[in-house]
Structures are given as structure tokens and as C-alpha cells.
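The structure appears below as C-alpha cells.
The values are calculated or read from the model by the stated rules, or taken from the named source; none is laboratory data. Note that this is a predicted model, so its numbers are computed, not measured. Backbone-built Cβ (ideal geometry, glycine too); neighbour counts: all protein chains shown. Please note that ligands, DNA and RNA were not included when accessible areas were found on the heavy atoms of the full protein model with its side chains. Shrake-Rupley method; radii C 1.70, N 1.55, O 1.52, S 1.80 Å.
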Amino acid sequence: MDGQPTLFSRIIAGEIPADIIYRDDDCIAFRDIQAQAPVHLLIVPVEPIPSIANIEPSHEQMLGHLFVVAARLGEEFGVARSGYRLIINHGDDAGQTVPHLHLHLIGGRPLGALVGVAPPAPH
Ligand code: 5GP
């Protein structure tokens with residue numbers, strides 16, 4: 001971490017507005033600004049862990065908590081019965097754009113294939 005607050009840290013700090021729907025000491029959840037489905041929430045740890053690759057054993061409890069919050073929000077937003085997908089992107093090939101770990105909770109419509117068809121890009 002280079003000391004620069006991430007976009008999501010700035011949302012957590014209230015410096016950038018967001019449609020915040022849940023927060024506690026360890027995480028925050030808000031609507032994605034470019035929703036891909038009727039329900040598209042981001043569940044973000046307060047600790048600015050850049051990505052899955054930076055997870056350490058000390059994060060285990062907090063990471064479990066993110067899933068507990070996700071399950072609760074799935075119920076609250078009415079998609080627990082119809083279904084939803086949790087996505088964590090890591091790195092360029094997955095399309096991670098914000099280097100602050102986050103779960104996408106996406107639902108409210110059929111989501112199709114797990115992996116979209118994209119033109120092959122050389123490495
Ligand atoms: P990633 O691509 O890193 O997995 O996901 C980042 C997500 O953050 C994207 O879905 C993008 O639409 C969302 N996002 C980017 N900037 C903002 C913002 O300023 N506010 C909110 N609410 N979402 C944002």
C-alpha cells in the first residue's frame with residue numbers, strides 16, 4: 001500500500017458519495033455505480049486489502065463476516081430465493097479496477113454463464 005487512500009476508502013470516509021446500504025466496524029456495502037443487474041451491491045472491508053492475493057490468516061474472521069453480511073443483504077434485497085452471484089475479481093484478467101478487495105453481490109435477473117465470452121487477448 002502506498003499510503004494513497006483507495007476510492008473505496010474515500011467512500012468509507014464519506015469523501016465520495018455513495019448509496020450506502022449497510023455499515024459496521026469491519027465493512028461497508030453500497031450500490032455499484034454501474035449496476036449490471038437490478039441488484040448490484042459492493043461489500044467492502046474497511047481495511048484496504050488490495051486484493052485476494054494480499055489476504056493473510058489474520059483476515060479470516062473478517063472475511064467470514066463479509067459473507068455473513070452478503071447473505072443478510074441477499075435476503076434484504078429480495079434475491080435470496082431467486083438467486084444471486086458473489087464475485088471477487090483479482091487482477092487484470094478478471095477485470096479488477098479498484099485495488100481494494102470487494103465482493104460484488106449481483107442478482108435480480110438470470111445471470112447467464114459464469115464466465116462471459118470475451119475475445120482472446122494475448123498475454
Ligand atoms: P472491480 O472491477 O474492481 O471488480 O469492481 C469495481 C466496481 O466498482 C465496478 O463494478 C464499478 O462500477 C464500481 N465503481 C467504480 N467507481 C465507483 C464509485 O465511485 N462508486 C460506486 N458506488 N461504485 C463504483
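If the requirement is being open to solvent by 60 Å² or more (accessible area, probe 1.4 Å), within 11 Å of the ligand (Cβ to nearest atom), within 24 Å of Val115 (Cα to Cα) and touching a helix residue (DSSP H, G or I) at 6+ places or on another chain (Cβ under 7 Å), which of these qualifies: His90, His100?
Numbers: His100 fails: open to solvent by 60 Å² or more (accessible area, probe 1.4 Å).
On inspection, the qualifying residue turns out to be His90.
How many of the residues making up segment 51-64 are free of Cβ contacts under 8 Å to residues at least 12 places away in the same chain and in a loop (DSSP other than H, G, I, E, B)?
The qualifying residues number 1.
Quick test of your reading of the structure: Phe67 fulfils all but one of (1) in a helix (DSSP H, G or I); (2) away from the ligand (no atom under 16 Å from the Cβ); (3) touching a residue at least 40 places away in the same chain (Cβ under 8 Å); (4) among the hydrophobic types (A, V, I, L, M, F, W, C). Name the failing condition by number.
Looking at each condition in turn, Phe67 falls short on (3).
State the number of residues belonging to segment 19-45 that are more than 12 Å from the ligand (Cβ to nearest atom), of a type in the set (D, E, K, R) and in a loop (DSSP other than H, G, I, E, B). Spell out how you get there, then give the answer.
Pass one, segment 19-45, residues more than 12 Å from the ligand (Cβ to nearest atom): 22-27, 38-39, 45.
Now narrow it down to the ones that are of a type in the set (D, E, K, R): 23-26.
Retained after the next criterion (residues that are in a loop (DSSP other than H, G, I, E, B)): 24-26.
Summing the residues that are more than 12 Å from the ligand (Cβ to nearest atom), of a type in the set (D, E, K, R) and in a loop (DSSP other than H, G, I, E, B) in segment 19-45 gives 3.
Among the residues that make up segment 11-18, is at least one of them in a loop (DSSP other than H, G, I, E, B) and surrounded by 15 or more Cβ atoms within 10 Å (Cβ to Cβ)?
The answer is yes, given that some residue of segment 11-18 is in a loop (DSSP other than H, G, I, E, B) and surrounded by 15 or more Cβ atoms within 10 Å (Cβ to Cβ).
Within segment 14-45, how many residues are touching a residue at least 40 places away in the same chain (Cβ under 8 Å) and out of contact with any helix residue (DSSP H, G or I) (no Cβ under 8 Å at 6 or more places or on another chain)?
The number of residues fulfilling the criteria is 6.
I need the full set of residues from segment 70-110 which are of a type outside the set (Gly, Ala, Ser) and either modelled with pLDDT under 95 or part of a helix (DSSP H, G or I) (or both), in order please. Before the answer, list the steps.
Within segment 70-110, the first condition is being of a type outside the set (Gly, Ala, Ser), and the residues that meet it are 72-73, 75-77, 79, 81, 84-90, 92-93, 96-106, 109-110.
Correct list: Arg72, Leu73, Glu75, Glu76, Asp92, Asp93.
If you check Arg72, Arg23, Arg109, which single one turns out to be charged (D, E, K, R), closer than 22 Å to Pro5 by Cβ and surrounded by fewer than 16 Cβ atoms within 10 Å (Cβ to Cβ)? Talk me through it step by step, then tell me what you get.
Numbers: Arg72 fails: closer than 22 Å to Pro5 by Cβ; Arg109 fails: closer than 22 Å to Pro5 by Cβ.
Only one candidate passes the filter, namely Arg23.
Given the conditions (1) open to solvent by less than 90 Å² (accessible area, probe 1.4 Å); (2) away from the ligand (no atom under 11 Å from the Cβ); (3) free of Cβ contacts under 8 Å to residues at least 12 places away in the same chain, report the number of the one that Pro48 does not fulfil.
(3)
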